[in-house]
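The values are calculated or read from the model by the stated rules, or taken from the named source; none is laboratory data. Because the structure is a prediction, the values reported are computed rather than measured. Cβ placement follows ideal geometry from the backbone for every residue including glycine, while neighbour counts extend to all protein chains displayed.
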Amino acid sequence: MKIPYGYALINKEIIVNEEKADVVRNIFGYYLAGASLGKIVDMLYTKGILSPSGNPKWGRAAVDKLLANAKYIPIVGVEIYMDAQFERERRCNVDYDKAGHPRKTSRYQSPSF
């Protein structure tokens with residue numbers, strides 16, 4: 001079992017790691033303030049905050065997964081978490097067909113040679 005970023009396993013109990021929990025709160029705050037995933041990655045790198053895997057730079061996908069993970073409700077609260085989900089949906093540029101499958105709005109056409 002992988003422990004989510006912002007939590008720690010102590011004496012077989014998962015508890016909130018306050019130092020990393022502050023990073024999680026900041027990520028949600030930056031996102032809700034209008035920062036893009038790329039801007040958040042840059043801010044974390046500038047502050048020297050290591051990614052969950054220990055890399056010096058976070059990936060956009062890691063930030064997006066963190067924002068989507070309901071396990072962060074105890075850290076940020078239900079209201080902030082739900083606001084982030086609505087904002088993620090609002091910013092999403094993926095279109096869905098009638099069956100609910102994701103698709104792009106325009107189809108790729110290879111060039112004619």
Looking only at residues in the range 67-96 that are at pLDDT 95 or above and of a type in the set (Asp, Glu), which one is surrounded by the most Cβ atoms within 10 Å (Cβ to Cβ)? Asp83
What are the residues in the range 15-29 that are more than 14 Å from Ser51 (Cα to Cα), in contact with a Phe, Trp or Tyr (Cβ under 8 Å, 6 or more places away or on another chain) and surrounded by 15 or more Cβ atoms within 10 Å (Cβ to Cβ), if any? Asn17, Phe28
Single residue of Val94, Val63, Val76, Val41 found to be hydrophobic (A, V, I, L, M, F, W, C) and in contact with a Leu (Cβ under 8 Å, 6 or more places away or on another chain): Val63
Collect the residues in the range 49-81 that are touching a helix residue (DSSP H, G or I) at 6+ places or on another chain (Cβ under 7 Å), more than 15 Å from Gly29 (Cα to Cα) and touching a residue at least 40 places away in the same chain (Cβ under 8 Å), keeping them in residue-number order. Pro52
Restricting the search to the range 40-66, which residues are assigned to a helix (DSSP H, G or I) and loosely packed, with under 15 Cβ neighbours inside 10 Å? Asp42, Thr46, Arg60, Ala61, Asp64, Lys65
Please work out if Ala99 is exposed (fewer than 13 other Cβ atoms within 10 Å of the Cβ) and modelled with pLDDT of 95 or more. no
In the range 1-14, the residues that are outside any loop (DSSP other than H, G, I, E, B) and crowded, with 16+ Cβ neighbours inside 10 Å: Tyr7
